[in-house]
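Notes for the one structure printed next.
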Amino acid sequence: MTLLVILIALCAMPLLAEATRMSVAKKRQQGVPGELVDLPKGTTHIQRDGPEDGPVVVLVHGLTTPAYLFAGVVPRLVAAGYRVIRYDLWGRGFSDCPIGRQDGDYFLDQLNAVLDHEEVAGPFVLVGYSMGGAIAALTAAADPGEIAALALVAPTGLGPANVPKLTRWPILGDWVMWVLGGVLLRRRLKGDGFKASVVTDLPKLEARETRTRGYLPGVLSSMRQLVTRDMAPEHTRIAAAGAPVLAIWGEADRSVPLSSMARLAEVNGQAWHHQVDGADHGLIHNRPGEVGAEILRFLKARSGR
């Protein structure tokens with residue numbers, strides 16, 4: 001009987017842990033910058049900056065951190081005259097977390113819905129960071145004619161995915177992520193150089209994410225369905241279509257190692273590459289000056305702006 005009780009308790013722990021976490025509705029009560037937009041599959045948090053008539057740049061963030069991670073890059077794009085649109089992916093930030101496998105189609109549907117709502121017409125610039133780079137590549141491969149330029153910052157999908165092996169195991173991986181994932185992610189934050197971030201209180205903001213209902217199961221699903229996906233076929237189609245591509249890499253990145261740069265060069269020999277010396281995977285928020293400057297240099301070369 002005691003063993004049965006223990007087994008029942010262990011099975012119930014993931015559901016109980018998730019039930020005690022803060023709902024996204026409660027998190028929104030703390031204040032939401034930008035706008036909450038009702039899309040077909042749920043509510044998405046969108047922020048817009050820059051002149052309404054400027055050329056459009058859409059920013060897509062990565063696996064664990066919402067769109068506030070672009071805070072250091074946005075002002076540089078706006079100062080150059082661009083209209084910048086950023087949004088929180090499903091299950092992150094202030095966006096809903098619709099039920100479903102968090103694979104490429106899951107996020108591609110959301111991005112297309114955002115573009116439709118924002119009435120983005122004609123070619124636009126698409127910037128993807130980390131897992132957002134995979135989402136951006138999926139978008140560009142599906143309709144390269146709509147992409148004026150594709151900028152990828154430490155994109156996943158071009159090398160071995162650096163995700164905990166335990167998360168790939170069914171049942172056990174789910175249990176660990178749902179019950180202990182928040183503790184493990186918060187511990188990682190303390191040792192990942194977040195003190196150098198231009199985002200104020202980033203560790204606190206990230207800790208809040210881990211305490212939000214739907215976040216940890218979503219991160220786990222994304223790890224399994226998208227972060228580990230080989231994006232070489234999509235990049236091959238992008239290259240064949242002749243879409244201009246810039247890839248920015250962190251020299252000390254342990255999540256997306258420099259071997260990914262060589263892989264992209266193999267499948268798309270026309271892509272531009274820029275290496276940020278000494279930068280880790282957080283280069284989008286701890287080295288935004290160099291990242292933003294390189295994106296603008298690339299866009300100027302393409303458009304003459």
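The values are calculated or read from the model by the stated rules, or taken from the named source; none is laboratory data. All of these numbers come straight from a predicted model, not from anything done at the bench. Heads up, the Cβs are rebuilt from the backbone with ideal geometry, glycines too, and the neighbour counts pull from every protein chain shown. Side chains included, ligands, DNA and RNA excluded: accessible areas come from the protein's heavy atoms. Shrake-Rupley method; radii C 1.70, N 1.55, O 1.52, S 1.80 Å.
Stokes-Einstein at 10 °C, 1.306 mPa s, Kirkwood radius from Cα pairs: D for segment 105-171 in µm² s⁻¹?
Using the Kirkwood radius from Cα pairs, D works out to 120 µm²/s.
Scanning the chain for helices, which whole DSSP H stretches are 27 Å or more long along the axis (Cα) and average 1.6 or more by Kyte-Doolittle?
Counting only whole DSSP H runs, no helix qualifies.
Kirkwood hydrodynamic radius (Cα pairs, Å) of segment 140-280?
16.9 Å is the Kirkwood radius here.
When N counts the residues of segment 3-56, how does its alpha-carbon radius of gyration compare numerically with 2.2 N^0.38 Å, as a ratio?
1.98
Given a 1.4 angstrom probe, what's the average accessible area per residue across the chain, in square angstrom?
Normalised by residue count, the accessible surface of the chain is 45 Å².
Can you return the aspartates and glutamates within cross-link range of K41? Criterion is Cα-Cα under 20 Å, with same-chain partners fewer than 8 residues away left out.
D88, D96, D103, D105, D109, D116, E118, E119
Amide H to amide H under 5 Å from V58: which residues, 5+ apart in sequence or cross-chain, H placed 1.01 Å off N in plane?
So V58 has HN proximity to I85, V125, L126, V127.
Looking at segment 1-98, which GluC sites (Glu not before Pro) are in a loop (DSSP not H, G, I, E or B) and have at most 12 other Cβ atoms within 10 Å?
E52
Considering only protein heavy atoms and a 1.4 Å probe, what is the carbon-and-sulfur percentage of the accessible area of the chain?
So the carbon and sulfur contribution to the accessible surface is 57 percent.
Using all C-alpha to C-alpha distances in segment 30-122, build P(r) with 10 Å bins and read off the rounded percent in each one.
Pairs per bin, as whole percents: 16, 51, 29, 4.
Below 13 angstrom from the Cβ of T44, what's the summed charge of the other residues (Lys, Arg +1; Asp, Glu -1)?
-2
Starting from the exponent 0.38 and prefactor 2.2 Å, build the expected Rg for the chain from its residue count and divide its actual Cα Rg by it.
For the chain, the normalised Cα radius of gyration is 0.99.
Nearest 500 deg cm²/dmol is fine: what mean residue ellipticity at 222 nm does the chain get from its DSSP H runs of n ≥ 4 alone, each adding -39,500 (n - 2.57), divided by its residue count?
-13000 deg cm²/dmol
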